[in-house]
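The structure under discussion appears below in the form of C-alpha cells.
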Amino acid sequence: MGRRPASGAIPADRARPAVRAPRASRSRRGVVGGSCAPRPATPRPSVRADGSRDWRLPRARASRAGSAPGRSTCRCPAPTADESPRRCARREKRRLDRPRPYPTPRPMEGRDAREYVLVPRWIVHVMAIAVLAAIVGSVAAVWFNRIPILVEMGRALDLESPISSPDVVILSSLLRSDAGDRAAAEALRSGASAVVLLGKPFSPDDLVPATESRRLPRLLAVGIPRERIVEVYEGDDLYETMAALAAVAREAGWRRALMISSPNGSRRSLLVARRVLGSDGVSVGQTLVAPDSPERADWWNDDQLRGHVVYNWILLAFARLAGRI
C-alpha cells in the first residue's frame, strides 16, 4: 500500500468534484439584486401562429428612462414590492389572456358601401323563420285541399273547341265510343269527305299486335262506307303521328279537321294538332264524347287513374317548356 501524504490531503486522482450550489432564477436574482437581469435586445414574440397568446413568450417592451436597469425585459415587467416573481407572472398571464373587445369597424365608403349591406342578425333569423313557415303552410294547405286540386287538374287537361263544316273527321284507332262513332257518321252526312283512324291499332297490353283498328267494324256498322275511311297508323308518338296526318292532309287538300276525342288528356292532343297541322294552313277543332267504359266518378282515389292525370300534366308541361305546343 502506498503511503498517505503527511499533510492529510487527498490525491488528485481520488478527489471528488466539488458540489456546486444551486443557482437562483433570473427573476429572483433580479429581485435580490434590486433589478432584473438584462435580456436579449430582440425578445421572442408573444403571439402564436394561430393567433392565440402565450404568456411564456413576453412581448418586447422598450426601456423607460429612469427605470431600473433590465426591469422592462423581465418576465413580469412591473412586480410590486410585496409580491413574488411567480405571482407577478401569473398576474401578467391573466392580463394577457383577458378577452379584448373587437375593434370598431371602419366606416365603408365609396364602392365598399355600395356592395355590402350590414343586416342585423335578428332580422336574418326572422326572415328565415318566415320563409320556413310559408313552406310548411303551403305544404299543409295543398295536403288538406288535395281532392279539389286533383279535380281541377283533371278538368284542366281537357279542351273542347268545336268547328263547323269540317272536311275530315279524326278518330282515335283505340278509342271505343258509340257516341263518337255516331258523331262521325253524322259529320260525314253533313258534308265531311272522310273519316281518319289515327294512331297505332294496338295497345302495349295486346299480346298479338293487330294489323288494323278494332274500331273499323264499328264504323262500318253505323253506315260509314269503307272507301271513305282513311287509316293512318304511322308514328311511334303523338308528334310523329300528327306529322303523318299532316302529309295525308296535304295530299287530300283538307283545310278543316274535327277531332272527336274522349276526356282525360285531350288538351295536349288538340294543341299538338294545331301546332303541326296549323303550319300547313289546316284549322283544327275538337269535340269530346264519353267512352263506352267511363272512368269511376271518384277517380282521384284510384292510384292508376290519379297517376294518369299527373303523367298527362308532366307531358303537357314538358311540351310547353320544349316549345312544341
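Couple of notes before you dig in:
- The listed residue being acidic (Asp, Glu), in a loop (DSSP other than H, G, I, E, B) and without any contact (Cβ under 8 Å) to a residue 60 or more places away in the chain, out of Glu234, Glu227, Glu186: Glu234
- If you go through region 295-306 and keep only what is touching a Pro at 6+ places or on another chain (Cβ under 9 Å) and loosely packed, with under 11 Cβ neighbours inside 10 Å, you end up with nothing.
- In region 154-163, the qualifying residues are those that are farther than 30 Å from Glu212 by Cβ and touching a residue at least 12 places away in the same chain (Cβ under 8 Å), and the one that is surrounded by the fewest Cβ atoms within 10 Å (Cβ to Cβ) is Ala156.
- The listed residue being surrounded by 11 or more Cβ atoms within 10 Å (Cβ to Cβ), outside any loop (DSSP other than H, G, I, E, B) and not assigned by TED's automatic domain parsing to the domain that holds Leu288, out of Val136, Val169, Val196, Val151: Val151
- Scanning region 189-206 for residues that are without any contact (Cβ under 8 Å) to a residue 40 or more places away in the chain and of a type in the set (Gly, Ala, Ser) gives Ser190, Gly191, Ser203.
- The condition (being within 19 Å of Ser172 (Cβ to Cβ), of a type outside the set (Ser, Thr, Tyr), surrounded by fewer than 16 Cβ atoms within 10 Å (Cβ to Cβ) and in contact with a Ser or Thr (Cβ under 8 Å, 6 or more places away or on another chain)) is satisfied by just one residue among Arg215, Arg255, Arg228: Arg228.
- Residue match in region 268-288 (condition: of a type in the set (S, T, N, Q), at pLDDT below 90, surrounded by fewer than 15 Cβ atoms within 10 Å (Cβ to Cβ) and not assigned by TED's automatic domain parsing to the domain that holds Ala183): no
- Test: residue in region 210-219 that is within 23 Å of Pro162 (Cα to Cα) and in a helix (DSSP H, G or I): yes
The values are calculated or read from the model by the stated rules, or taken from the named source; none is laboratory data. Everything quoted here is computed from the prediction, not taken from an experiment. Here the Cβ is made from the backbone with ideal geometry for all residues, glycine too, and neighbour counts use every protein chain on show.
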